[in-house]
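The structure under discussion appears below in the form of structure tokens.
The values are calculated or read from the model by the stated rules, or taken from the named source; none is laboratory data. Remember, it's a predicted structure, so these values are computed and weren't measured experimentally. FYI the Cβ positions are ideal-geometry reconstructions off the backbone, even for glycines, and counts take in every protein chain you see. Keep in mind that these areas ignore ligands, DNA and RNA; they rest on the heavy atoms of the full protein, side chains included. Shrake-Rupley method; radii C 1.70, N 1.55, O 1.52, S 1.80 Å.
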Amino acid sequence: MSSPLSHASRDATTTLPAGDSRYEDLLRLFEQAPGFVTFFRGPHHVYELQNAAHARLAEYRDIIGKPVREALPELEGQGFFELLDQVYQSGVPYVGRALPITVKPEGGAPAEERFLDLVYQPIVDDNAAVIGIISQGNDVTEQVQAQAEVRRKQAELEALVEERTRTLEDTRSALMLARQLQTDKNNLLQLFGQAPGFIAVLRGPDHVFELTNESYDRLIAHREVIGKTVRGALPELRGQGFFELLDKVYETGEPFIGFDMEVQVGDPLETTYLDFIYQPLFGPDNKPNGIFVHGNDVTERKLARDEVKRYQNTLETLVAERTQALEETRAALLQSQKLESIGKLTGGVAHDFNNVLQIVGGNLQLLESCLGGNRQAQARLQAAVDAVQRGATLASQLLAFARRQPLRPRVLDLGRSLATFEGLLHQAIGEGVEVHSTVSDGLWRALVDPHLLENAVLNLVLNASDAMQEDGRLFIEIANATLDQQYVATHPDAAAGEYVMLAVTDNGSGMDPAIKERAIEPFFTTKPEHQGTGLGLSMVYGFVKQSGGHLHIDSEPDCGTTVRMYFPRSFAAETEMPLPDSGPAVGGSETILVVEDDKAVQATVVAMLTDLGYSVLKADNGESALAILRSGVSLDLLFTDVVMPGVPRSPELAQMARELAPGIRVLFTSGYTQDVISQGGRLDPGVQLLSKPYGREQLARKLREVLADHAPAAQAAGAPAVPDVPAPAPQASAGTAAARPAGPRRVLVVEDNADAREMVCDVLAAFGYDRDAVATAEEALARLEASPFDVVFSDYILPGMNGVELARETRRRFPHVKVVLTSGYGESLADAHPGQFTVLPKPYELDALQALLDA
């Protein structure tokens, strides 16, 4: 059954008698409201009612009965008048929070800015026509200032505070609405019914329901509670703490504000979350005689906030994990970049070092034949040779780390490969270490350089033996492995795919994280001085990376170490290993062009080749070598350094050599392989390389390997026929040089290309001729006037006067001088000018040149 007040809200003719206690309570509710309350009537917003709080805010000015624009003219331009007009015209309430207001106190005091929370609530009659506006609110200046400070630190907390402030103001609004009309019960009940949120009024210490609004009725499923105690009307609240809160508020007279309070209500019970206030009501004796209840159902907000919180917690965990993974990846990337930089440095050092070793080693071997039977000198020479070999090993390890060593990979079964050198491993580590090896069934094949694989495993085994102090257990495992994206995400230097894994595990001393991080750096070692170079693991790392694989180290102090090498799987058939050449090293009689920019290295190589019986020409760079090739000299092999200054580069020079001299063989040499002859360190198909430093025997074997089944060019082509053109008897005459005195034949070389000119002069010197050289025919005639010569050896194409014109003029002025022209036009040039000169077609053999000059 509804209360009389509830009926009154639907019956405008019913009024509360002035002496009715409920009427008095409503007046007290209005008067004791915690904020300011006022009522404006009509479209001009005439002040009709205000409470004490509003009177203080208006500085106790006489405003009742006055329109607001007249009562408070200082508000002009601050937007409040416009808001009142808008609410009155639209019938839509306005709620303002922290609205700035400039207050000008009477007496001329300086204006000050304040902030208000307020509600403009339109009041309608039975016909839903707006008859006035009730305004209630609070001065929140201090709160706004505090919030401004808090906002900078906790934005989310500010939002929560704003929500709770809004809830509190709604509650205060309801309280003010319950008191605003002193004489009009109809308006008061309408105001109560239109209040936002749920409202209930409880009376006495037993908390008897006196009044509820529609929102409260919906909350309790429209049960009849008027006139019943809260314990009798809502028994399901027992044990949830709300009865005790009501008792405490009634006894102490202090309000209670709750936020996100969980309540189990209804039948069946449903969980609901509420923001509410228990506000004590006081009688004439200033003692509590009831409790005003106001609040809002915030279940949806609470559940949404909990979901956001759960999501934030999950997100924070995920961010922390990703941040840690990112830091680990960043550290790995920095380590990889560091190793790459060190690799470039060590590779360059090794290249220069190899050149020095080549000079020293080559000259030591050449010196060996000069010592005779001097045993002391031979012993010292051998010590120097051994030192060169140790230096070569060191340079090789540096190149391995720098991933610049030449790879000759073959498709291997690593299990069978291990079996071929497992005996060597046992010899290397001694009897104190137990060696156990396991090879998985169905093992995949891998593309690996077998010799470097053996060196890498030997290095790992020796390191393990040192860590175990030559007494422990060592395990070698070979198995198939797949690296997935999850693994690659934490190992940025690895690529996902299928691999053959070879692991070496020991139960030695292990490494702490700091040592493990630097383990593969060149020259880093934990061994005592003079007991290790610190290049073993560096070499292994460089070899594995250059092979397209991945190296991983697991180690803990006192728990041993496992080093895993991953080599990419190959689907090709297994490659048969060639038998090593065990025969004696021999030389040859072929003609070799040496291209080397380092003069000292060049001299050493030329001497070694000459000692082996080869005919040798030399060039300082690709341009000079190309000029020699174009000169027509017959060559069997081009022996060129990989790293050459200028153009053409060594691979381009090799290609041009094959075009100019079909059948010529090419052998590269370098102390630092580069991608010009290899891809990732793997030699391109058909490329032959002799790594620096090399000895006489290595050079001899490699040359015979490259020149196998290759006949010398002179034998293959045959020396061209030398025309028998007898020279006329010398005649002395004015303007003619005197006959040359007895001695070595003198040859004047006429060639405009400086490199070709120098090459011919070197050849003539090797034949024992006295020679001179000029660049033009005009210079040649002047030289013939000044000095006697036996032969003029000239190119056909010259700047200015050509070779044929030079030959005619020479025979006219110096009839005793023989003229030999060299040309790519061959014998056709001689046929066009019979009897005037001898032609040596390009390319020509050195023996043919010598035969013509001596004829």
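Summary of values
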{"quantity": "Ala479 modelled with pLDDT of 85 or more and touching a Ser or Thr at 6+ places or on another chain (Cβ under 8 Å)", "calculated": "yes"}
{"quantity": "Residue among Glu434, Glu477 that is in contact with a Leu (Cβ under 9 Å, 6 or more places away or on another chain), surrounded by fewer than 17 Cβ atoms within 10 Å (Cβ to Cβ) and over 30 Å from Val411 (Cβ atoms)", "calculated": "Glu434"}
{"quantity": "Residues of the stretch 586-601 that turn out to be within 51 Å of the chain's Cα centre (by Cα) and surrounded by fewer than 19 Cβ atoms within 10 Å (Cβ to Cβ), as a count", "calculated": "4"}
{"quantity": "The stretch 422-440 residues that are polar (S, T, N, Q), paired with ones that are surrounded by 14 or more Cβ atoms within 10 Å (Cβ to Cβ) and part of a strand (DSSP E or B) (beta carbon under 6 Å, 6 or more apart)", "calculated": "Ser437/Ile476; Thr438/Glu477; Ser440/Ala479"}
{"quantity": "The stretch 50-102, residues that are under 18 Å from Leu116 (Cα atoms) and acidic (Asp, Glu)", "calculated": "Glu59, Glu74, Glu76, Glu82"}
{"quantity": "Every residue from the stretch 764-786 that is closer than 29 Å to Val616 by Cβ and of a type in the set (Gly, Ala, Ser)", "calculated": "Ala765, Ala766, Gly768, Ala773, Ala775, Ala780"}
{"quantity": "The stretch 408-431, subset open to solvent by less than 50 Å² (accessible area, probe 1.4 Å) and modelled with pLDDT of 85 or more, residue farthest from Ala467 (Cα to Cα)", "calculated": "Val411"}
{"quantity": "Residue count for the stretch 45-97, restricted to those that are of a type in the set (S, T, N, Q) and assigned to a helix (DSSP H, G or I)", "calculated": "3"}
{"quantity": "Out of Leu474, Leu452, Leu462, Leu458, sole residue that is free of Cβ contacts under 8 Å to residues at least 60 places away in the same chain, touching a helix residue (DSSP H, G or I) at 6+ places or on another chain (Cβ under 7 Å) and not in a strand (DSSP E or B)", "calculated": "Leu458"}
{"quantity": "Single match in Ala782, Ala786, Ala832 (criterion: among the aliphatic types (A, V, I, L, M) and at pLDDT below 80)", "calculated": "Ala832"}
{"quantity": "Selected residue (only one of Ala738, Ala700 is modelled with pLDDT under 60 and either of a type outside the set (Val, Ile, Thr) or surrounded by fewer than 17 Cβ atoms within 10 Å (Cβ to Cβ) (or both))", "calculated": "Ala738"}
{"quantity": "Qualifying residue in the stretch 805-814 (condition: within 27 Å of Leu629 (Cβ to Cβ), at pLDDT 85 or above and surrounded by 17 or more Cβ atoms within 10 Å (Cβ to Cβ))", "calculated": "yes"}
{"quantity": "Criterion violated by Val457 - all others in (1) open to solvent by 40 Å² or more (accessible area, probe 1.4 Å); (2) closer than 30 Å to Glu576 by Cβ; (3) of a type in the set (A, V, I, L, M, F, W, C) satisfied", "calculated": "(1)"}
{"quantity": "Residue within the stretch 60-74 that is surrounded by fewer than 15 Cβ atoms within 10 Å (Cβ to Cβ), over 13 Å from Gln136 (Cα atoms), modelled with pLDDT of 90 or more and of a type in the set (A, V, I, L, M, F, W, C) present", "calculated": "yes"}
{"quantity": "Any hit, the stretch 196-203, residues being at positive phi, in a loop (DSSP other than H, G, I, E, B) and open to solvent by less than 60 Å² (accessible area, probe 1.4 Å)", "calculated": "yes"}
{"quantity": "Residues (at pLDDT 85 or above and more than 23 Å from Arg172 (Cα to Cα)) located in the stretch 1-45", "calculated": "Gly42, Pro43, His44"}
{"quantity": "Selection within the stretch 75-99 - open to solvent by 70 Å² or more (accessible area, probe 1.4 Å) and over 23 Å from Thr141 (Cβ atoms)", "calculated": "Gln86, Gln89, Val92"}
{"quantity": "Residue under evaluation Ala657, criteria (1) in a helix (DSSP H, G or I); (2) surrounded by fewer than 22 Cβ atoms within 10 Å (Cβ to Cβ), criterion not met", "calculated": "(2)"}
{"quantity": "Selection from the stretch 630-654 of residues that are surrounded by 20 or more Cβ atoms within 10 Å (Cβ to Cβ), under 19 Å from Ala756 (Cβ atoms) and under 35 Å from the mean Cα position of the chain (by Cα)", "calculated": "Met644"}
{"quantity": "Of all residues making up the stretch 437-453, the number that are at pLDDT 85 or above and either of a type in the set (Phe, Trp, Tyr) or open to solvent by 40 Å² or more (accessible area, probe 1.4 Å) (or both)", "calculated": "9"}
{"quantity": "Elements of type helices (runs of 4 or more DSSP H) in the stretch 211-323, at least 2 residues being open to solvent by less than 30 Å² (accessible area, probe 1.4 Å), of a type outside the set (A, V, I, L, M) and on the phi > 0 side of the Ramachandran plot", "calculated": "none"}
{"quantity": "Evaluation of Ala52 against (1) of a type in the set (Gly, Ala, Ser); (2) surrounded by 15 or more Cβ atoms within 10 Å (Cβ to Cβ); (3) at negative phi (one fails), failing number", "calculated": "(2)"}
{"quantity": "Flag if Met539 is at pLDDT below 85 and surrounded by 14 or more Cβ atoms within 10 Å (Cβ to Cβ)", "calculated": "yes"}
{"quantity": "Close pairs (6 angstrom Cβ cut-off, 6 or more residues apart or separate chains): within 15 Å of Leu703 (Cα to Cα) and outside any strand (DSSP E or B) in the stretch 638-650, modelled with pLDDT under 85 and of a type outside the set (Phe, Trp, Tyr) anywhere", "calculated": "none"}
{"quantity": "In the stretch 32-44, residue farthest from Ala109 (Cα to Cα) [restricted to those that are in a loop (DSSP other than H, G, I, E, B) and touching a strand residue (DSSP E or B) at 6+ places or on another chain (Cβ under 8 Å)]", "calculated": "Gly42"}
